[in-house]
Amino acid sequence: MSIAHIALGSNSPFQGLEPAELLNAAKIALAHAGRVRASSSTYATEPVGFADQPAFLNAVIALETSIAPHPLLETLLTIERNYGRDRSSTPRNGPRTLDLDLLLYDQLILETTDLVLPHPRLAERRFVLAPLAEISPTLLHPVLGATIQQLLAQLPATGENGPKAVRRVS
């Protein structure tokens, strides 16, 4: 069994489900791909890169799974599509019903055309590092050699990636 860390995000409703409900539905769907070993709190996050949109809700789970990385990615994309996400028709960093990103898969380092592990922007994003540090603070980034808590501490103290832009809500 492997441990996959998966980021969840949402800022747009889908078929009567609000973003918080979409995150919960995604966690239930992900439990069919393995066993959820840890689930972070939910964080409200100011948009990054595309500011003219609602705030996001974000969380991270640790999933114990026997599914290999590429099939797991396909599972994530299928769950996104089931909840209204069409990656081909939405702007990059724009509003979305559901966003599932495979952040880490054990200590695997992988670079293919459709999957890069660890996630290439993991160390730059407070909205990912804050919930990840909540559930796995001492986890080592396999490329950078720093813990998740250390990476979080290295982020800027102000701006769209500062501590005020990401706050725990539940």
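The values are calculated or read from the model by the stated rules, or taken from the named source; none is laboratory data. Just so you know, these numbers come straight off a predicted model, no measurement behind them. With ideal geometry, Cβ positions are generated from the backbone for all residues, glycine too; neighbour counts draw on all protein chains shown.
At-a-glance table
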| quantity | calculated |
| --- | --- |
| The stretch 149-164: number of residues that are among the hydrophobic types (A, V, I, L, M, F, W, C), part of a helix (DSSP H, G or I) and in contact (Cβ under 8 Å) with a residue 12 or more places away in the chain | 2 |
| Selection status of Leu129, farther than 19 Å from Phe56 by Cβ, surrounded by 12 or more Cβ atoms within 10 Å (Cβ to Cβ), out of contact with any Cys (no Cβ under 6 Å at 6 or more places or on another chain) and at pLDDT 95 or above | no |
| Residue within the stretch 116-129 that is more than 12 Å from the chain's Cα centre (by Cα), touching a residue at least 40 places away in the same chain (Cβ under 8 Å) and more than 21 Å from Pro19 (Cβ to Cβ) present | yes |
| Subset of the stretch 122-169 [of a type outside the set (A, V, I, L, M, F, W, C) and under 15 Å from Ala38 (Cα atoms)] | Pro131, Glu134, Ser136, Pro137, Thr138 |
| Checklist (1) in contact (Cβ under 8 Å) with a residue 40 or more places away in the chain; (2) under 17 Å from Ala26 (Cβ atoms); (3) not in a loop (DSSP other than H, G, I, E, B) applied to Arg96, failing item | (3) |
| Close pairs from the stretch 61-79: first under 13 Å from Ala29 (Cα atoms), partner at pLDDT below 95 and of a type in the set (S, T, N, Q), Cβ under 9 Å, at least 6 apart | none |
| Residue count for the stretch 37-60, restricted to those that are charged (D, E, K, R) and in contact (Cβ under 8 Å) with a residue 24 or more places away in the chain | 2 |
| Answer residue from the stretch 14-41, given it is crowded, with 19+ Cβ neighbours inside 10 Å and not small (Gly, Ala, Ser) and is nearest to the chain's Cα centre (by Cα) among those | Leu23 |
| Flag for Phe50 being among the aromatic types (Phe, Trp, Tyr) and closer than 19 Å to Glu124 by Cβ | yes |
